[in-house]
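Below is one structure; the comments refer to it alone.
The values are calculated or read from the model by the stated rules, or taken from the named source; none is laboratory data. What you see is a predicted model, and the numbers here were worked out from it, not measured in a lab. Heads up, the Cβs are rebuilt from the backbone with ideal geometry, glycines too, and the neighbour counts pull from every protein chain shown.
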Amino acid sequence: MEHTLTTQPHTGDRPRPAKNYLNAEKGIWSWMTTVDHKRIGVMYLVGVLSAFFVGGIFALIVRLTLLTPSHKLFGKVLITAQTYNRVFTLHGAIMVFLFIIPSVPAALGNFVMPLMLGAKDVAFPRLNLASFYLWVLGAVMAVCSMIFGAVDTGWTFYTPYSTTTDGAVTLMTMAVFVLGFSSIFTGINFVATVHKLRAPGIGWFDMPLFVWGIYSTAIIQVLATPVLGITLALLALERVFSIGIFDPKLGGDPVLFQHFFWFYSHPAVYIMILPGMAIISELIPTFSRKTMFGYRAVAYSSVSLALLSFIVWGHHLFVAGQSQLANVIFSALTFLVAIPSGVKMFNWLGTMYKGNISLETPMMYAISFLLLFAIGGLTGIFLGTLSTDVHLTDTYFVVAHFHYVMMGGTVIAFIGGLHYWWPKMTGRMYKEFWGQVGAVIVFIGFNMTFLTQFFLGSQGMPRRYYNYLDQYQPLHAFSTVGSWVLGLGLFLTAANLLASLRKPYDAPDNPWGGTTLEWQTSSPPITHNFEDQPVLEKAPYDYRPEPVAH
Amino acid sequence: MSTDQIIQHEETDADHEPHSSGVYVKTLIALLILTAITVGASYIDFGAGNVVIALFIATIKATIVALFFMHLRYDKPVNAVIACAGFLFLGIFLMFCFIDFGSRDGLRPVNWNGKMPVETAAPAPAPGAAAPANK
Amino acid sequence: MSTTSVDIHQPHGHPDDPHHQHHFATMEQQFDTSKIGMWLFLATEVLLFGGLFVGFGLMQARYPQEFVEAHEHLQRPLGALNTVVLLVSSFTMVMGVLSAQRNDKKKLVLFLILTIICAGIFLTVKYFEYSHKFEEHLLPPRWYHAQPGDTVKDPYTGQISHGYGTFFAFYFMMTGLHGFHILVGMILLAWIAVRAHRGEFSKEYYTPVDLIGLYWHLVDLIWIYLFPLYYLIK
């Protein structure tokens with residue numbers, strides 16, 4: 001293992017170029033009209049992190065409201081039940097559509113994937129920019145719907161409530177429609193990029209696993225998102241013209257809406273988690289200094305997760321009035337998802353086994369991910385089992401489960417990836433100590449907040465309820481305190497990262513000794529990514545020492 | 001290898017892609033004939049077979065359009081794979097929705113006897129007959 | 001698929017062809033990439049319409065008699081006419097692509113204009129069909145008025161079944177979405193017709209003609225399914 005240093009190519013052995021993608025052109029206009037995938041990735045990053053901040057504030061409000069059954073703080077009722085419904089809806093809609101779905105693919109994927117492929121840009125740079133502006137338009141529409149009456153349907157917009165309630169539901173669905181097209185454009189771009197823009201020597205099985213994950217995600221984005229578009233268009237028409245497709249009073253079927261919605265939204269769960277897994281597949285070999293164990297198995301498991309995600313959506317409809325036959329089929333198929341997930345899990349552990357593990361901040365997030373995703377994934381099996389799900393449906397158990405997968409999985413991986421590629425994106429190193437402290441606090445706060453909710457849910461606390469019985473108060477209070485710890489950890493992490501921006505460029509080209517191509521260019525990269533067309537000489541994750549020439 | 005390969009590739013393209021309008025004229029004629037057949041068949045009563053015949057002919061027509069007008073026959077296979085994937089996942093969507101809708105037993109009341117509840121309930125507006133489904 | 005296509009090293013910018021974007025090694029790679037992108041987009045279109053097809057199929061299974069009776073209210077000859085018009089437009093479109101491949105600017109513009117005319121005929125016919133339906137109140141359930149020949153009653157209310165209106169709800173959404181695609185297609189065709197007239201296309205570079213051709217054929221392909229499903233069910 002003492003040979004590892006020799007496998008770090010280009011670590012500061014070249015002078016830093018004076019012009020990079022950040023300072024080559026100046027002014028706000030050069031950013032707004034850029035077609036450089038790196039700049040678009042950075043703009044996406046700023047956007048999704050702002051959405052994360054807003055959604056996080058709403059989450060803290062939700063938790064604060066539930067601190068006591070009377071919802072009072074210092075003798076005053078914090079928010080009314082009506083407002084509470086709006087707040088949790090906005091939390092869900094913002095986090096899902098504005099933050100998590102674009103977070104890893106559109107922000108980090110945009111920046112890193114072409115670099116990993118040794119390409120100069122994504123396949124369709126202008127489409128990439130269009131996708132970003134659609135995201136901005138969708139975000140503006142979502143904000144407008146908040147101002148003009150808000151939405152209280154939950155992020156799932158279930159009929160018949162969503163077609164009868166007041167508020168700006170139509171505007172919100174149109175916002176999500178637009179965001180869907182933003183996501184489709186990203187997906188089209190990435191599939192075409194992976195197919196056609198790989199550098200010489202990079203075959204399909206020479207691609208880093210991050211690219212495999214993003215590629216699988218892009219397939220889902222292309223094939224599932226259009227159905228969301230048509231579903232929301234129908235919902236809007238139902239609200240405006242009462243066309244009666246989902247309205248049983250007019251001969252329609254509300255369960256049809258749930259089929260339509262989850263045909264997108266279940267694969268969308270994999271749009272969220274696959275990129276998270278993809279990041280972990282980068283972090284673990286890099287910080288274990290070891291070849292990826294079972295590279296092909298992990299690559300195939302990404303694609304098979306993407307395909308499986310399309311045939312399990314009915315497990316969201318177990319108590320919605322779906323037929324028993326369909327319930328049984330969907331429940332059985334749901335268990336299949338455990339196979340590729342397990343393959344990934346064991347391969348990550350196999351990679352770490354006897355590796356030379358260094359616990360830098362990204363690796364701490366990767367280990368957090370392994371622990372949290374294991375809990376999130378295994379509780380998913382409870383929920384996929386028909387008989388237990390009937391009892392656990394719409395309780396805090398479900399809330400805890402998907403927060404373990406979405407936040408404990410994707411968001412933790414996203415923050416880990418952000419730390420990992422931060423030196424490449426900004427050219428600056430953050431303070432390692434504070435990064436690690438942040439990671440620990442986030443991990444503790446997360447478990448305080450959401451582990452509690454498994455107990456709440458199994459005791460029967462329904463989700464989305466404003467009122468609750470006094471007996472749940474201790475657990476609710478503990479969860480609320482946990483949300484403050486979590487908030488503190490995230491705040492510390494954000495402060496640490498932002499503080500590094502004040503420094504001059506100080507990051508080496510390859511601070512972690514990574515083997516993928518993005519570490520071969522300078523930090524931050526030049527506008528066209530590489531001085532010369534890079535050629536892949538070694539397979540990714542090849543940490544074997546260089547053969548010594550005799 | 002690069003330049004040679006590309007030049008060679010252009011040659012193979014030139015071999016395959018139709019450079020005369022003959023293929024397209026034939027394609028159009030075939031499509032028009034199929035349209036005439038499908039319209040004609042709709043005037044004959046095959047029972048449930050009508051929908052099957054109509055969709056079968058439509059699929060033939062769609063395949064012809066995809067193969068010749070959209071050049072899939074001459075194109076790189078990846079494009080055909082993408083096109084098939086679209087229809088494949090649509091098929092998955094359709095299949096599972098039909099499994100649900102086809103096996104639901106709650107669309108009508110379980111004991112619905114084929115008569116109109118309104119008609120059966122009408123002659124007996126007695127206080128106890130509030131719910132015909134309870135019978 | 002498994003081959004990598006970036007083979008030629010070239011410096012930034014390609015003075016040889018103004019259409020050549022810097023991040024592609026060759027024009028051929030650029031063309032293939034555009035095509036993959038377009039086919040991916042077409043796959044999303046298939047699934048966008050697909051949602052409506054699935055809904056239509058499910059509702060037809062629920063209201064079989066109503067759907068058969070409702071389809072009698074459509075004008076089958078007009079549907080057949082529109083089918084022929086669209087098939088011919090697909091032919092003129094592919095002839096346009098062929099003309100571009102042959103460097104025949106005049107014919108390219110001509111065929112593009114013919115395609116636009118066909119699209120115009122289609123939309124005009126559609127306009128007459130729509131206005132007929134509005135006059136007869138052949139509309140979604142809330143506004144549907146019972147027609148002579150409608151026999152099915154709702155078993156619980158004794159009113160005319162909602163299935164008739166549901167048929168027209170799907171009719172308007174699917175043909176409406178399709179018509180919207182025709183309209184967008186006309187705009188795109190007009191745009192490339194202008195560019196073709198300016199002589200921007202040649203046999204080396206005709207990507208936009210090819211891609212919009214693909215789009216146009218897909219719109220035709222969807223109509224190939226819409227026509228029998230709505231006008232010919234028995």
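For region A:104-179, list the helices (runs of 4 or more DSSP H) that sit wholly inside it and hold at least 1 residues that are under 25 Å from A:Phe402 (Cα atoms); which are they?
Details: elements: A:110-116, A:125-147, A:161-164.
Those helices (runs of 4 or more DSSP H) span A:125-147, A:161-164.
Given A:Phe446, A:Phe450, A:Phe454, A:Phe402, which one is over 28 Å from A:Leu497 (Cβ atoms) and either among the hydrophobic types (A, V, I, L, M, F, W, C) or assigned to a loop (DSSP other than H, G, I, E, B) (or both)?
Values: A:Phe446 fails: over 28 Å from A:Leu497 (Cβ atoms); A:Phe450 fails: over 28 Å from A:Leu497 (Cβ atoms); A:Phe402 fails: over 28 Å from A:Leu497 (Cβ atoms).
From the options A:Phe446, A:Phe450, A:Phe454, A:Phe402, the qualifying one is A:Phe454.
Evaluate the following for C:Lys234: is it surrounded by fewer than 22 Cβ atoms within 10 Å (Cβ to Cβ), within 8 Å of chain B (Cβ to nearest Cβ) and touching a residue at least 12 places away in the same chain (Cβ under 8 Å)?
The answer is yes for C:Lys234.
Could you list, in sequence order, all residues of region B:36-76 that are assigned to a loop (DSSP other than H, G, I, E, B) and farther than 23 Å from C:His71 by Cα? Show your work before the answer.
Applying the first criterion (assigned to a loop (DSSP other than H, G, I, E, B)) to region B:36-76 yields B:43-48, B:70-76.
Of everything in region B:36-76, those that are assigned to a loop (DSSP other than H, G, I, E, B) and farther than 23 Å from C:His71 by Cα turn out to be B:Met70, B:His71, B:Leu72, B:Arg73, B:Tyr74, B:Asp75, B:Lys76.
The conditions are (1) among the aromatic types (Phe, Trp, Tyr); (2) more than 19 Å from the chain's Cα centre (by Cα); (3) facing chain C (nearest Cβ under 7 Å), and B:Tyr43 fails exactly one of them. Which is it?
(3)
Report yes if some residue within region C:201-210 is at pLDDT 95 or above, aliphatic (A, V, I, L, M), closer than 28 Å to A:Leu235 by Cα and not in a loop (DSSP other than H, G, I, E, B); otherwise report no.
no
For the condition in contact (Cβ under 8 Å) with a residue 60 or more places away in the chain and within 21 Å of A:Thr231 (Cα to Cα), what is the one hit in C:Ile192, C:Ile222? Outline the logic, then answer.
Details: C:Ile192 fails: within 21 Å of A:Thr231 (Cα to Cα).
Just a single option satisfies the conditions, and that option is C:Ile222.
Is it the case, given these coordinates, that A:Asp509 is part of a loop (DSSP other than H, G, I, E, B), without any contact (Cβ under 8 Å) to a residue 40 or more places away in the chain and more than 21 Å from A:His401 (Cβ to Cβ)?
Taking the combined requirement at face value, the residue does not satisfy it.
Being more than 9 Å from chain B (Cβ to nearest Cβ), more than 21 Å from A:Thr527 (Cβ to Cβ) and either modelled with pLDDT under 95 or in contact with a strand residue (DSSP E or B) (Cβ under 8 Å, 6 or more places away or on another chain) (or both) is true for just one of C:Phe41, C:Phe31, C:Phe24. Which residue is that?
Going through C:Phe41, C:Phe31, C:Phe24 in turn, the sole match is C:Phe31.
Is it fair to say C:Leu221 is farther than 30 Å from C:His20 by Cβ and either at pLDDT below 95 or buried (at least 20 other Cβ atoms within 10 Å of the Cβ) (or both)?
Answer is yes for this residue.
Can you pull out every residue in region C:44-68 that is at the interface with chain B (Cβ under 9 Å from one of its Cβ atoms), of a type in the set (S, T, N, Q) and closer than 17 Å to B:Gly49 by Cα?
Selection gives C:Gln60 alone.
Can you tell me which of A:Leu283, A:Leu237, A:Leu274 is crowded, with 24+ Cβ neighbours inside 10 Å and within 24 Å of C:Leu47 (Cβ to Cβ)?
Details: A:Leu283 fails: within 24 Å of C:Leu47 (Cβ to Cβ); A:Leu237 fails: crowded, with 24+ Cβ neighbours inside 10 Å.
Every option except A:Leu274 fails the conditions.
Quick check: anything in region B:11-23 assigned to a helix (DSSP H, G or I), modelled with pLDDT of 90 or more and either aliphatic (A, V, I, L, M) or not assigned by TED's automatic domain parsing to the domain that holds B:Cys84 (or both)?
Looking for residues that are assigned to a helix (DSSP H, G or I), modelled with pLDDT of 90 or more and either aliphatic (A, V, I, L, M) or not assigned by TED's automatic domain parsing to the domain that holds B:Cys84 (or both), one finds at least one in region B:11-23, hence yes.
Would you tally the residues in region A:65-79 being of a type in the set (S, T, N, Q) and over 34 Å from the mean Cα position of the chain (by Cα)?
Looking only at that region, the number is 1.
Looking only at residues in region C:131-179 that are assigned to a loop (DSSP other than H, G, I, E, B) and among the small types (Gly, Ala, Ser), which one is surrounded by the fewest Cβ atoms within 10 Å (Cβ to Cβ)?
Here is the first cut: in region C:131-179, the ones assigned to a loop (DSSP other than H, G, I, E, B) are C:137-140, C:144-152, C:154-159, C:161-162.
Filter once more, keeping what is among the small types (Gly, Ala, Ser): C:146, C:149, C:158, C:161.
Details: C:Ala146: 13, C:Gly149: 9, C:Gly158: 13, C:Ser161: 23.
Among residues in region C:131-179 that are assigned to a loop (DSSP other than H, G, I, E, B) and among the small types (Gly, Ala, Ser), the one surrounded by the fewest Cβ atoms within 10 Å (Cβ to Cβ) is C:Gly149.
For a quick check of your reading of the model, give me the residue pairs whose first member lies in region A:266-284 and is free of Cβ contacts under 8 Å to residues at least 40 places away in the same chain, whose second is surrounded by fewer than 24 Cβ atoms within 10 Å (Cβ to Cβ), with beta-carbon atoms closer than 7 Å and at least 6 apart or on different chains.
none
Could you please give the count of residues in region B:77-106 that are among the polar types (S, T, N, Q) and in a helix (DSSP H, G or I)?
So the answer is 1.
Within region A:161-179, count every residue that is touching a residue at least 60 places away in the same chain (Cβ under 8 Å) and within 14 Å of chain C (Cβ to nearest Cβ).
Adding up the residues that qualify gives 1.
Pairs only if they're at least six apart or on different chains, beta carbon under 7 angstrom, first in region B:46-60 and assigned by TED's automatic domain parsing to the domain that holds B:Thr35, second surrounded by 14 or more Cβ atoms within 10 Å (Cβ to Cβ) and among the basic types (Lys, Arg); list them, first residue then second.
That search, which allows pairs on different chains as well, returns B:Asn50/C:Lys234.
Only one of C:Leu87, C:Leu40, C:Leu47 is closer than 30 Å to B:Val78 by Cβ, of a type in the set (A, V, I, L, M), buried (at least 20 other Cβ atoms within 10 Å of the Cβ) and touching a residue at least 60 places away in the same chain (Cβ under 8 Å). Can you tell me which?
C:Leu87
Return a yes/no flag: does region A:430-450 have any residue that is over 21 Å from A:Trp512 (Cβ atoms), buried (at least 22 other Cβ atoms within 10 Å of the Cβ), out of contact with any His (no Cβ under 7 Å at 6 or more places or on another chain) and among the β-branched types (Val, Ile, Thr).
yes
From the list A:Gly376, A:Gly384, A:Gly408, A:Gly416, which one is in contact (Cβ under 8 Å) with a residue 60 or more places away in the chain, closer than 24 Å to A:Ile94 by Cβ and buried (at least 20 other Cβ atoms within 10 Å of the Cβ)? Spell out how you get there, then give the answer.
Details: A:Gly376 fails: in contact (Cβ under 8 Å) with a residue 60 or more places away in the chain; A:Gly384 fails: closer than 24 Å to A:Ile94 by Cβ; A:Gly408 fails: in contact (Cβ under 8 Å) with a residue 60 or more places away in the chain.
Step by step, each of A:Gly376, A:Gly384, A:Gly408, A:Gly416 is checked, and only A:Gly416 is in contact (Cβ under 8 Å) with a residue 60 or more places away in the chain, closer than 24 Å to A:Ile94 by Cβ and buried (at least 20 other Cβ atoms within 10 Å of the Cβ).
Looking at region A:199-211, is at least one residue touching a residue at least 12 places away in the same chain (Cβ under 8 Å), over 25 Å from B:Leu88 (Cβ atoms), among the charged types (D, E, K, R) and surrounded by 24 or more Cβ atoms within 10 Å (Cβ to Cβ)?
Among the residues of region A:199-211, not one is touching a residue at least 12 places away in the same chain (Cβ under 8 Å), over 25 Å from B:Leu88 (Cβ atoms), among the charged types (D, E, K, R) and surrounded by 24 or more Cβ atoms within 10 Å (Cβ to Cβ), which makes the answer no.
Which one of these is among the aliphatic types (A, V, I, L, M), at pLDDT 90 or above and buried (at least 16 other Cβ atoms within 10 Å of the Cβ): B:Leu34, B:Leu67?
Answer to the check: B:Leu34.
How about region C:69-84: which of its residues are in a helix (DSSP H, G or I), among the charged types (D, E, K, R) and either more than 8 Å from every other protein chain (Cβ to nearest Cβ) or crowded, with 19+ Cβ neighbours inside 10 Å (or both)?
C:Glu69, the sole residue that qualifies.
Going through region A:16-53 one residue at a time, which ones are aliphatic (A, V, I, L, M) and at pLDDT below 95?
Correct list: A:Ala18, A:Leu22, A:Ala24, A:Ile28, A:Met32, A:Val35.
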